[in-house]
1. Do we have VAL27 as modelled with pLDDT under 85, surrounded by fewer than 11 Cβ atoms within 10 Å (Cβ to Cβ) and not acidic (Asp, Glu) here?
2. Is there a residue in region 30-51 that is at pLDDT 75 or above, surrounded by 10 or more Cβ atoms within 10 Å (Cβ to Cβ), part of a strand (DSSP E or B) and not aliphatic (A, V, I, L, M)?
3. Under the condition of being out of contact with any strand residue (DSSP E or B) (no Cβ under 7 Å at 6 or more places or on another chain) and within 20 Å of LYS94 (Cβ to Cβ), which residue from region 52-70 is modelled with the lowest pLDDT?
4. So the check is Cβ under 6 Å with 6+ separation or different chains; which pairs have a first residue in region 99-120 that's on the phi < 0 side of the Ramachandran plot and a second one that's open to solvent by 70 Å² or more (accessible area, probe 1.4 Å)?
5. Residue check, SER99 against (1) loosely packed, with under 10 Cβ neighbours inside 10 Å; (2) in contact with a helix residue (DSSP H, G or I) (Cβ under 7 Å, 6 or more places away or on another chain), all met but one. Which one?
6. Please enumerate the residues belonging to region 59-89 that are closer than 19 Å to THR49 by Cα, exposed (fewer than 15 other Cβ atoms within 10 Å of the Cβ) and among the small types (Gly, Ala, Ser).
Amino acid sequence: MESDCRIPMSCLRPRILALHALFWVLVSLRVFGAALLSEEKTTVARPVTTPCWQMEEFVVAVECSRCNTLQSKSWAACIQTGYAERINCTKSNKDEYKSCRSTLMEEHLFWKFEGATLGLTILFALIVVARQRSLDRLASEKVRRQIESI
């Protein structure tokens, strides 16, 4: 008589079950965390105006620079990246601040990524070496038992 269970027995090992549970916990945290973060806060609504640099030509008056603590809290341009540049719109002749990405910040993020990649490479290389040694040990033990049984 065949079983109606369609789950392979290898999937019921504790390690695999734990990995599945961890995966689904991380997925649900990601989904529900994003939902919680995107909830609208009830605050005073400010009228939304389109910045002049999105509608017309502009000239950069002051290059991209880091915002200080007061600017970071009060300027909308500083909130996104922590850097802002002052621009002058040519048609309306208005000075506005625009968020920008600093080359220093980009370089810092690049080296962070490189370090993480190198760290993971070393970690997985050590895992492979340890696994290979354990498999070699098991194989030599099996050969030794076969020779002893002769």
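1. Yes.
2. no
3. Residue satisfying both the conditions and the ranking: GLN54.
4. SER99/GLN80
5. Of (1) loosely packed, with under 10 Cβ neighbours inside 10 Å; (2) in contact with a helix residue (DSSP H, G or I) (Cβ under 7 Å, 6 or more places away or on another chain), only one is false for SER99: (1).
6. Listed by number, the residues that qualify are SER74, ALA76.
The values are calculated or read from the model by the stated rules, or taken from the named source; none is laboratory data. Since the structure is predicted, the reported quantities are computational estimates derived from the model, not experimental observations. In this analysis, Cβ positions are derived from the backbone assuming ideal geometry, glycine residues included, and neighbour counts consider all displayed protein chains. Heads up: the accessible areas ignore ligands, DNA and RNA and are worked out on the full protein's heavy atoms, side chains in. Shrake-Rupley method; radii C 1.70, N 1.55, O 1.52, S 1.80 Å.
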